[in-house]
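Just so it is clear, none of the values below were taken in a lab; they were calculated from the coordinates. The shown structure was predicted, so the numbers you read here are calculated from the model rather than taken from an experiment. Positions of Cβ are generated from backbone atoms using ideal geometry, with glycine treated the same way; all protein chains shown enter the neighbour counts.
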């Protein structure tokens with residue numbers, strides 16, 4: 001706010017810095033505590049609990065994970081495959097649909113938009129959906145189920161439509177048609193390149209949804225080689241929890257139970273945190289495009 | 001219609017994949033709502049199982065669960081939506097007063113960070129903080145010679161923890177949305193206010209907040225559409241099947257999930273799901289109707 005700068009209110013500005021700084025600190029502290037915990041030695045944690053920095057620095061928890069890395073590597077592989085394949089297909093099909101919804105020649109475009117939008121207002125509920133996937137489509141324990149279910153988001157399609165509306169002017173399409181370009185050629189050679197900024201944002205949002213999806217796997221996958229990273233993390237956290245509860249019966253175990261959980265979380269979340277600073281701006285612009293009503 | 005499709009067939013083929021997808025994965029399950037009126041068995045499937053009228057609903061409403069989960073679902077979601085809106089607007093307003101670029105970028109990065117992690121990861125955080133024996137909160141309490149809290153068996157604390165975590169996870173996202181709206185406000189309005197001698201606080205309450213209202217209405221309206229669903233990921237990951245917290249934290253989604261996957265009670269799962277879908281539709285339609293009366297341009301449809 002340029003003019004506010006001239007009209008100084010030092011007390012208020014100081015308060016703003018204080019509040020924003022405080023909130024930022026609160027959001028980041030759990031990450032610090034998590035990483036510190038994962039780098040602490042198990043015995044120190046058992047003795048005096050977690051702290052804001054590592055108690056007795058140790059790599060033991062990570063060493064334990066990577067002693068038998070097969071499971072983690074397989075989960076990484078599944079997560080990467082579904083994220084890449086799902087994002088590419090989902091983005092492509094969504095953009096095509098968004099483009100059709102934008103074209104004025106398509107007489108039924110509003111009806112088609114409502115066909116998509118209605119699914120966000122009403123749905124059949126989880127039970128028929130579950131039966132459909134398991135009994136009628138027989139998709140249980142397959143890779144396609146992990147790719148297909150999180151593929152589309154109606155809001156993203158509507159956002160893409162408003163972006164295309166703003167960046168591909170209608171006269172441009174008209175002139176391409178006069179020059180003899182077919183619809184597909186116009187889409188591939190004009191619309192796709194001109195929509196790049198929106199594709200980057202929506203693509204990243206879609207990729208994030210795939211990467212963080214554990215629900216689909218929990219519902220429809222039980223084979224080890226199809227388990228994605230987040231679901232594996234969930235299973236490990238909850239089973240270690242259970243074994244902690246049953247430890248008095250099962251007797252002492254060798255594995256670093258407490259710090260292991262945290263190290264596993266770091267291993268599963270690490271790539272997102274490492275990539276985040278580089279891609280943040282695309283997410284921010286994605287949120288902002290979305291603010292424009294579709 | 002045929003002539004229209006023939007004329008623009010390449011464009012319609014572009015829409016075909018998504019149309020087929022939604023037909024299979026969204027509209028087919030809608031036909032499956034008849035399941036709620038059937039005594040479902042897996043072999044007979046949705047259409048082969050015998051009808052049983054309203055038995056499933058009767059069972060659901062007699063179980064004593066209906067009121068509990070409806071109340072919890074609405075209560076949590078109203079608190080979530082209110083707290084999220086309040087904190088997002090507040091954070092955006094204060095962020096717009098931060099001029100140091102570096103400070104602004106770093107704090108925005110931090111605030112946005114929780115948006116990117118899954119609720120699975122958040123459950124590890126919560127464990128890390130609140131675990132009875134080793135959690136950092138209890139370590140601090142013990143250092144201060146206070147009693148440690150056994151958070152996983154204290155239902156009432158979750159009424160506070162869940163909204164706090166919800167805000168923690170979403171405020172970065174929300175503040176970006178509202179900040180974009182604030183940046184879009186015409187600067188001349190503020191200039192005129194400065195000439196008229198308005199204080200900073202007056203500018204916020206008399207200019208910024210009223211001009212954010214349309215954005216708030218749209219976002220709250222979209223949020224209302226989810227009020228019967230709520231954050232299943234969050235409830236399932238943080239609480240799971242903890243019986244001690246069940247009454248305080250059971251929502252419609254967790255009940256449907258438990259009936260379906262846990263006890264394989266298809267009648268219960270489908271009738272509760274149907275109940276949820278119908279309530280959702282009613283809420284969206286009435287909210288949209290109210291907004292339409294208030295300001296036609298802000299309505300969703």
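Let me know the mean shielding of B:29-38 by other chains, meaning the per-residue number of their Cβ atoms within 10 Å of its Cβ.
Details: counts 12, 8, 3, 9, 6, 2, 5, 4, 0, 0.
So the per-residue partner count for this stretch is 5.
Per-residue ellipticity at 222 nm for chain B, helices alone: DSSP H runs ≥ 4 residues times -39500 (n - 2.57), over residue total, nearest 500 deg cm²/dmol?
-21000 deg cm²/dmol
How high is the relative contact order of chain A? Use alpha-carbon pairs under 8 Å, at least six apart in sequence, and give a whole percent.
After rounding, I find 28 percent.
So what's the back-of-envelope 222 nm ellipticity for chain A, counting only DSSP H runs of four-plus at -39500 (n - 2.57) apiece and dividing by all residues, rounded to 500? Write down the numbers at each step before the final one.
On the way: 15 runs with 212 residues, N = 294.
The helix contribution divided over chain A gives -23500 deg cm²/dmol.
For chain B, just the Cα set please: Rg and Dmax, both in angstrom.
Cα only, chain B: 24.3, 81 Å (Rg, Dmax).
Can you give the alpha-carbon Rg of the stretch A:163-224 over 2.2 N^0.38 Å, where N counts its residues?
1.73
Whole percent per 5 Å bin, from 0 to the bin with the longest distance: what is P(r) over all C-alpha pairs of chain A?
The distribution over chain A is 1, 5, 9, 11, 12, 12, 12, 11, 9, 8, 5, 3, 2, 1, 0, 0, given as percents.
Can you give the relative contact order of chain B as a percent, counting alpha carbon pairs under 8 Å and 6+ residues apart?
Answer for chain B is 26 percent.
Can you tell me the order of B:16-29, B:111-124, A:146-159 when each peptide is scored by its average per-residue count of other Cβ atoms within 10 angstrom, highest first?
The packing order, highest mean first, is B:111-124, A:146-159, B:16-29.
Distance in nm between label sites at residue A:104 and residue A:68, each 7 Å beyond Cα in the beta-carbon direction?
The two pseudo-label positions are separated by 6.6 nm.
For the stretch A:13-81 and the stretch B:99-132, what is the separation of their C-alpha centers, rounded to whole Å?
12
Taking 0.36 nm per residue of separation and subtracting the Cα-Cα distance, what length does fully extending residue B:205 through residue B:19 add?
Details: separation 186, 0.36 × 186 = 66.96 nm, distance 4.60 nm.
Gain on stretching residue B:205 to residue B:19: 62.4 nm.
For residue B:132 and residue B:244, calculate 0.36 nm times their separation in residues minus their Cα-Cα distance, and state this gained length in nm to one decimal. Walk me through the intermediate numbers first.
Numbers: separation 112, 0.36 × 112 = 40.32 nm, distance 1.50 nm.
Working it through step by step, the gained length comes to 38.8 nm.
What is the mean number of Cβ atoms from other protein chains located within 10 Å of the Cβ atom of each residue in peptide B:127-134, rounded to a whole number?
Counting Cβ atoms of other protein chains within 10 Å of each residue's Cβ and averaging gives 6.
Summarise the long-distance tail of P(r) for the protein assembly as shown by giving the % of C-alpha pairs beyond 42 Å.
Tail of the P(r) past 42 Å holds 28 percent of the pairs.
Would you list B:217, A:164 from fewest to most Cβ contacts within 10 Å?
Taking fewest neighbouring Cβ atoms as first place, the list is B:217, A:164.
Quote the convex hull volume per residue of the stretch B:193-301, based on C-alpha atoms, as a whole number of Å³.
Values: hull volume 15.3 nm³, N = 109.
In the stretch B:193-301, the Cα convex hull volume per residue is 141 Å³.
Applying a 10 Å radius around every beta-carbon, put B:244-250, A:36-42 in order of their mean neighbour count, most first.
A:36-42, B:244-250
Need the C-alpha centroid separation for the stretch A:146-189 versus the stretch B:195-271, integer Å.
Each part's Cα centre sits 33 Å from the other's.
With each pseudo-label sitting 7 Å past Cα toward Cβ, what's the residue B:31-residue A:281 distance in nm, one decimal?
Placing both labels 7 Å beyond Cα along the Cβ direction yields 4.9 nm.
Set the Förster distance to 60 Å, then compute FRET efficiency between residue A:135 and residue B:289 from the Cβ-Cβ distance, nearest 0.05.
0.95
Take the Cα atoms of the stretch A:70-220, find their three principal axes, and give me the spread along each one in whole Å, biggest first.
55, 36, 22
Let me confirm one metric for peptide B:179-190, namely the mean number of other chain beta-carbon atoms within 10 Å of its residues' beta-carbons.
3
What ranking, highest mean first, results for peptides B:127-134, B:293-300 when packing means the other Cβ atoms within 10 Å averaged over each residue?
B:127-134, B:293-300
Could you work out the relative contact order of the stretch A:28-76, using alpha carbon pairs under 8 angstrom and six or more residues apart, expressed as a whole percent? All intermediate terms of the calculation are to be shown ahead of the outcome.
Working: 46 pairs, mean separation 17.0, N = 49.
It comes to 35 percent, rounded to a whole number.
Taking 41 Å as R0, compute the FRET efficiency from the Cβ-Cβ separation of residue A:153 and residue A:52 and round it to 0.05.
Computed FRET efficiency for residue A:153 and residue A:52: 0.65.
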